[in-house]
Amino acid sequence: MKNASPTVPQRLKPRKLPLQARSGATVEAIHEAVIQVLLAEGLGRLTTTRVAERAGCSVGTLYQYFPNKEALLFAILQSHFEDVVAAIKAIDIGAGTRRLADLADALADAYVSVKVARPDATTALYRVAGAIDQFRLSSDVFGRLQSGVVRVLDSASDVKFREPGQTAFTLLAALAGLSRASFGALVSDTDILLRLKVESRLLARSYLAAAARQVEG
């Protein structure tokens, strides 16, 4: 089951995509600069001028790729989702020999690994997600994320799922909620990310085992 997402508005699309290594490095520097400005000055003070200065490029160069500030924010959020897709696609399903409990841990670990790789960047991204309509992200990225989880679920050697697409959707939603809440509490509880991996595994194992039992029943 794929989630239908609205078409990305033109104003949020990049003007062009980097085709060479040099332009790719420029866009990467702009993405990093957005994160740094968000962390240092907050969303309210984020401007294309400040981002360009932090990235070491001209505002004109920035505008070659992004038409406005909202498109910049949208781009880094899209990039983050792409990283999650890549992490889930990289899960080794063991040619269908891995049991569900093992795969549940792998799914939780893959999801969390992207979030905790750079806690500062993830914190900034959650601020972005609250400020723009992240559900306007390309339906393709959501579809690939969900399909990646379904691939893992379908490979389990010991269970089958009645509706693997719906199961994948619910698992991802639950992991997203736990992650957002954890990063929201990060300022007051610096140990919370140490517990996020454990709790994510528990969530994934418990929910997937319950979903699989629906077939048996």
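The values are calculated or read from the model by the stated rules, or taken from the named source; none is laboratory data. Fair warning: this is a prediction, and the values are worked out from it, not measured in the lab. All Cβ positions, even for glycine, are placed from backbone atoms using ideal geometry, and neighbour counts span all protein chains on display. SASA here: full protein model, heavy atoms, side chains in, ligands and nucleic acids out. Shrake-Rupley method; radii C 1.70, N 1.55, O 1.52, S 1.80 Å.
Is region 172-184 home to any residue that is farther than 20 Å from VAL84 by Cβ, at pLDDT 95 or above and surrounded by 15 or more Cβ atoms within 10 Å (Cβ to Cβ)?
Checked against the condition, which is being farther than 20 Å from VAL84 by Cβ, at pLDDT 95 or above and surrounded by 15 or more Cβ atoms within 10 Å (Cβ to Cβ), region 172-184 yields no hits at all.
Inspect region 60-79 for any residue being without any contact (Cβ under 8 Å) to a residue 12 or more places away in the chain, more than 12 Å from the chain's Cα centre (by Cα) and on the phi < 0 side of the Ramachandran plot and give the result as yes or no.
Yes, region 60-79 has at least one match.
Can you tell me which residue among ARG144, ARG98, ARG151, ARG45 is among the charged types (D, E, K, R) and over 20 Å from ALA168 (Cα atoms)?
After ruling out the rest, the residue left standing is ARG45.
What are the residue pairs meeting all of these: first residue in region 91-107, first residue within 14 Å of ARG201 (Cβ to Cβ) and without any contact (Cβ under 8 Å) to a residue 24 or more places away in the chain, second residue open to solvent by less than 30 Å² (accessible area, probe 1.4 Å) and hydrophobic (A, V, I, L, M, F, W, C), Cβ atoms under 9 Å, and 6 or more apart or on different chains?
Taking only residues 6 or more apart or on different chains, the pairs are ASP102/ALA156.
Pairs needed: first member in region 19-40, more than 13 Å from GLU53 (Cβ to Cβ); second member anywhere, among the acidic types (Asp, Glu) and in a helix (DSSP H, G or I); C-beta distance under 6 Å; at least 6 residues apart or different chains.
Sorted first by the residue in region 19-40, then by its partner, the pairs are LEU39/ASP120.
When the residues of region 13-35 are narrowed to those that are within 11 Å of TYR65 (Cα to Cα) and aliphatic (A, V, I, L, M), which ends up modelled with the lowest pLDDT?
Checking each candidate, the answer is LEU17.
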